[in-house]
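S.K.: Quick one: this structure, given as structure tokens, is what I'll be asking you about.
The values are calculated or read from the model by the stated rules, or taken from the named source; none is laboratory data. Fair warning: this is a prediction, and the values are worked out from it, not measured in the lab. Positions of Cβ are generated from backbone atoms using ideal geometry, with glycine treated the same way; all protein chains shown enter the neighbour counts. For the accessible areas, the whole protein counts, side chains as well, though only heavy atoms, and no ligand, DNA or RNA atoms are used. Shrake-Rupley method; radii C 1.70, N 1.55, O 1.52, S 1.80 Å.
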Amino acid sequence: MNRRRFLFAVFAALLHRRSAAEGTRAERVVVIGAGAAGLGAAAELQRAGYSVLVIEARDRLGGRIFTDRSLGAPVDLGATWIQGRRGNPISELAARFGVEVAPATDYDDVALFDRGRPVDLEILARYESELQELLAELERYSRGLEEDVSIASGLAELLRDEELTPFEERLLAWFLETLALDAAASADERSLLYADDEGFGGGDHLFPGGYEQIVHGLARGLEVRRGERVRRIALRQGGVRVETDRASHDADRAVVTLPLGVLKASPGEGGVSFDPPLPEWKRRAISRLAMGTLDKVALRFPEVFWPAHDLLGNLDGAGGGLPVFLNLAPHLGAPILVAFSAGPGARRREERSDEAIAGETMEVLRTMAGEAIPAPERLVATRWHRDPFAGGSYSFVPVGARGEDYEALAEPVAGRLFFAGEATNRSYPATVHGAYLSGLREAKRIAALT
Ligand SMILES: Cc1cc2nc3c(=O)[nH]c(=O)nc-3n(C[C@H](O)[C@H](O)[C@H](O)COP(=O)(O)OP(=O)(O)OC[C@H]3O[C@@H](n4cnc5c(N)ncnc54)[C@H](O)[C@@H]3O)c2cc1C
């Protein structure tokens, strides 16, 4: 090698080393899970210069954000809405990625049926304000409680001396079912003391082209290993080892975004083992908080036969746990309805075949729209509770748990294991924005350490 070439080679090597040191931090972080929390954390860490690898068990990204196209149009089978558009970080992502956002869903724009007859909206409005007053009363009642009770027992106490007409009873049952859709849990399951969490204003907006557009925007430029299921997470001298069913990954730190339902499962049930086991305080919080179920049945018909409202509701559907249908026709230009069900009724439905689910969903629709409606051409039904990579739809606080349990879930372990995901966000649990913000929170926590 002549002298000039030698000097050039040394110079190039030095340059390479310097740019490597500037462009990356020496640390390597493994992020477990490619949902909103994991992708948010990974993108932020990579931006800050860490070497980041995301490991995802499914062969798709997004986790509980899942846009399905089997009905010939993008239908979201997981998260539907930006919940509260104003000030919501998901609105910012939508703007950054150029994703179209629909006008706010109008929850008052509901065609409600009772035993096949439309309910007069004026009657509904009158009861609506009474129901709101009942909720306010329930809130006051909860403040005087020394011990937690379920929302259902609190309501039963307040209504003890009320004589409800059969119509009012059906309306109350329907109203409670719609509340259950919000929490993915029934009033019997939910804590009264911890029933409220924070939210954004500005209405709920869905994505006509699918929520997955946000996922793809977040995942741009990240290295994600799909179809690799994490089995064991071990703390090692100065680092972490993440073992999957295919490989072993060593890193300085890991961000664990496993859903609460997966954290609850024992390794024998498909869960993940931790070595050493997670501290007692974290295990207690995992077992106290609960995973709720919200399922959808999406149906494509040959034509639109329903009235042009945002939502269709059925008081008779309440008993069967299908109280509300979302009309996607205006957004997709395709005759598609999505039925929602939550809580124990939804978990029971998950045991049934698609044919049985189609049968009972059509029974509810026929009581609303008449016997002559067409059969669906295609249907897709979710089973989030039985999904081994979710173990339910999202977290809620049952009687016996408390808000602080979310904080315990978020606490790092040994400065090496960091936890993100909707169930680690006490202010905004059960949402995409809560999951995403928790990912950013942990990325910042790591950056502050190194
Ligand atoms: C039906 C339904 C409707 C909803 N509606 C809304 C809504 O309208 N608006 C809203 O804001 N929120 C909604 N949500 C809630 C929202 O979807 C979630 O809170 C959020 O997507 C959770 O993100 P996450 O990153 O915490 O978890 P996830 O998205 O579940 O990500 C965790 C990831 O970890 C992966 N994983 C699991 N086990 C392993 C393993 N062993 N190894 C490797 N990877 C693993 C999973 O596959 C998943 O991709 C809804 C949820 C459901 C189910």
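S.K.: Filter the range 353-365 down to the residues that are in contact with a helix residue (DSSP H, G or I) (Cβ under 8 Å, 6 or more places away or on another chain) and modelled with pLDDT of 95 or more and list them by number.
M.R.: Once the filter is applied, which keeps residues that are in contact with a helix residue (DSSP H, G or I) (Cβ under 8 Å, 6 or more places away or on another chain) and modelled with pLDDT of 95 or more, the range 353-365 yields only 357.
S.K.: Follow-up question, since we're still on this one. Mind counting the residues in the range 340-362 that are within 30 Å of residue 229 (Cα to Cα) and open to solvent by 70 Å² or more (accessible area, probe 1.4 Å)?
M.R.: 3
S.K.: For residue 421, only one of the following conditions fails: (1) in contact with a helix residue (DSSP H, G or I) (Cβ under 9 Å, 6 or more places away or on another chain); (2) farther than 30 Å from residue 256 by Cβ; (3) open to solvent by less than 30 Å² (accessible area, probe 1.4 Å). What is its number?
M.R.: It fails just one condition, (2).
S.K.: Tell me the residue from 322, 365 that is in a loop (DSSP other than H, G, I, E, B), open to solvent by less than 10 Å² (accessible area, probe 1.4 Å) and more than 27 Å from residue 269 (Cβ to Cβ), please. Show your work before the answer.
M.R.: Details: 365 fails: in a loop (DSSP other than H, G, I, E, B).
Just a single option satisfies the conditions, and that option is 322.
S.K.: Taking interchain pairs and intrachain pairs at least six residues apart, which have beta carbon atoms under 6 angstrom, with the first residue in the range 114-133 and small (Gly, Ala, Ser) and the second modelled with pLDDT of 85 or more?
M.R.: 116/367
S.K.: Restricting to the range 181-207, name every residue that is within 13 Å of the ligand (Cβ to nearest atom) and at pLDDT 90 or above.
M.R.: Once the filter is applied, which keeps residues that are within 13 Å of the ligand (Cβ to nearest atom) and at pLDDT 90 or above, the range 181-207 yields 181, 182, 183, 184, 185, 199, 200, 203, 204, 205, 206, 207.
S.K.: Show me the strands (runs of 3 or more DSSP E) found entirely inside the range 48-160 where at least 1 residues are open to solvent by 40 Å² or more (accessible area, probe 1.4 Å) and away from the ligand (no atom under 12 Å from the Cβ). Before you say what the answer is, go through the steps one by one.
M.R.: Values: elements: 51-55, 81-83, 110-114.
In the range 48-160, 51-55 are the strands (runs of 3 or more DSSP E) which contain 1 or more residues that are open to solvent by 40 Å² or more (accessible area, probe 1.4 Å) and away from the ligand (no atom under 12 Å from the Cβ).
S.K.: So, one more: Go through the range 165-224 and give me each residue that's open to solvent by 50 Å² or more (accessible area, probe 1.4 Å), part of a loop (DSSP other than H, G, I, E, B) and of a type outside the set (Asp, Glu).
M.R.: 165, 193, 194, 199, 200, 220, 221 - these are the residues of the range 165-224 that are open to solvent by 50 Å² or more (accessible area, probe 1.4 Å), part of a loop (DSSP other than H, G, I, E, B) and of a type outside the set (Asp, Glu).
S.K.: A further question follows. Quick one: which residue in 389, 418 is within 23 Å of residue 232 (Cα to Cα), away from the ligand (no atom under 12 Å from the Cβ) and touching a residue at least 40 places away in the same chain (Cβ under 8 Å)?
M.R.: On the way: 389 fails: away from the ligand (no atom under 12 Å from the Cβ).
So the residue among 389, 418 that is within 23 Å of residue 232 (Cα to Cα), away from the ligand (no atom under 12 Å from the Cβ) and touching a residue at least 40 places away in the same chain (Cβ under 8 Å) is 418.
S.K.: Something else about it: Could you tell me which of the residues 441, 386 is in a loop (DSSP other than H, G, I, E, B) and open to solvent by 10 Å² or more (accessible area, probe 1.4 Å)? Please lay out each step first, then the result.
M.R.: Working: 441 fails: in a loop (DSSP other than H, G, I, E, B).
On inspection, the qualifying residue turns out to be 386.
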